[in-house]
Amino acid sequence: MTRTCAVSRAGPGDAALLAALHARCFAKPWDEIAMARFVAAPGVLCLVGTAPHEVAAPAALLIARAAADEAELLTMGVIPERRRAGLGRALLSHALAVLSSRGATQLFLEVDETNAAAVALYRASGAKPAGRRERYYESGANAAIFSLDLRS
Ligand SMILES: CC(C)(COP(=O)(O)OP(=O)(O)OC[C@H]1O[C@@H](n2cnc3c(N)ncnc32)[C@H](O)[C@@H]1OP(=O)(O)O)[C@@H](O)C(=O)NCCC(=O)NCCS
């Protein structure tokens, strides 16, 4: 099956949308004020993704920050009912292209190591293990740090 997900940059008017999407994806949502700051911040990339044939209903977000030649993924999420449709891969792939075009050579991604979906997506996108933080999360779970080389 051909999957064509649309990815676009979030603009100043999209802070509420980003907050709503984040709230659908995470137990501890980031509010509209926080999202407005990300959208306005230099070096921060905010993307929204839409599943095929649903142009009017964004279902995913990604926020990454770049400084000099390094970038970090701050968050990404796909609303539960649109998962496993290629949106996460499409967003990450788009972000890699944009960050690389801006001069970043490496992207760091930090994730709860029990988050099988995110770990699988990062590995499938070429990310390599780059470290671990013991009991980093409130749940007691460890954080796995991945690194993705943007030069290839
Ligand atoms: C992680 C997340 C963003 C993945 O988004 P998605 O749109 O469902 O992922 P995709 O459909 O693009 O999947 C791409 C690949 O990732 C891997 N993958 C994604 N979800 C997976 C799962 N639940 N189990 C195993 N592998 C998975 C697979 O390799 C998949 O390729 P395939 O479908 O061809 O097998 C989504 O599960 C999510 O929003 N989770 C909650 C928020 C979160 O944990 N964010 C990441 C930390 S910030």
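Throughout, read-outs are computed from the coordinates displayed, never taken from laboratory work. These numbers come from a predicted model, not from an experiment. Quick reminder, even Gly has a Cβ in these numbers, built from the backbone with ideal geometry, and neighbours come from all protein chains shown.
List of remarks:
- Test result for residue 75, surrounded by fewer than 22 Cβ atoms within 10 Å (Cβ to Cβ), hydroxyl-bearing (Ser, Thr, Tyr) and within 10 Å of the ligand (Cβ to nearest atom): yes
- Restricting attention to segment 110-151, the residues that are free of Cβ contacts under 8 Å to residues at least 24 places away in the same chain and either among the charged types (D, E, K, R) or exposed (fewer than 13 other Cβ atoms within 10 Å of the Cβ) (or both) add up to 11.
- Segment 21-67, residues that are closer than 20 Å to residue 84 by Cα, surrounded by 15 or more Cβ atoms within 10 Å (Cβ to Cβ) and among the hydrophobic types (A, V, I, L, M, F, W, C): 21, 23, 25, 47, 48, 51, 59, 60, 61, 62, 63
- Among (1) closer than 23 Å to residue 141 by Cα; (2) surrounded by 16 or more Cβ atoms within 10 Å (Cβ to Cβ), the one test that residue 92 misses: (1)
- Residue in segment 55-63 that is under 14 Å from the mean Cα position of the chain (by Cα), within 14 Å of the ligand (Cβ to nearest atom) and part of a helix (DSSP H, G or I) present: no
- Answer from 151, 132 - the residue that is more than 7 Å from the ligand (Cβ to nearest atom), over 23 Å from residue 44 (Cβ atoms) and either charged (D, E, K, R) or in a helix (DSSP H, G or I) (or both): 132
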